[in-house]
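Here's the structure, in structure tokens; my notes come after.
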Amino acid sequence: MKAKPTEAGRVVISTRGHDAGGWYAVLSVLDDRQVLLVNGTTRGLAKPKKKQIKPVSYTHLRAHETRRHL
């Protein structure tokens, strides 16, 4: 069962589309179906990616915690 994000900063992995396998951070939750994602390289804060929640796999990490894992 996938956990649903309820907060900005959650680290996610795209599972479908041309960006499948890409790691992103949730910038904001738009509604119960869509989120805005950023990855720091191709998708920055100025141009976040709007993606539906269904093709996204959620991790237990938050963006501020990932620095420890690098």
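The values are calculated or read from the model by the stated rules, or taken from the named source; none is laboratory data. These numbers come from a predicted model, not from an experiment. Quick reminder, even Gly has a Cβ in these numbers, built from the backbone with ideal geometry, and neighbours come from all protein chains shown. Ligands, DNA and RNA are stripped out before the accessible areas are found, and what is left, the full protein with its side chains, is counted by its heavy atoms. Shrake-Rupley method; radii C 1.70, N 1.55, O 1.52, S 1.80 Å.
One table, with the values for the structure above:
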quantity	calculated
Where Arg33, Arg43 fall by accessible area, highest first, once all protein chains stay in place (1.4 Å)	Arg33, Arg43
Sum of side-chain charges, Ala20 neighbourhood, beta-carbon under 15 Å (Lys, Arg +1; Asp, Glu -1)	+4
Gain on full stretching of the segment that runs from Leu30 to Thr42 - 0.36 nm per residue minus C-alpha separation	2.3 nm
Segment Glu7-His60, length gained on full extension (0.36 nm per residue, minus Cα span)	17.9 nm
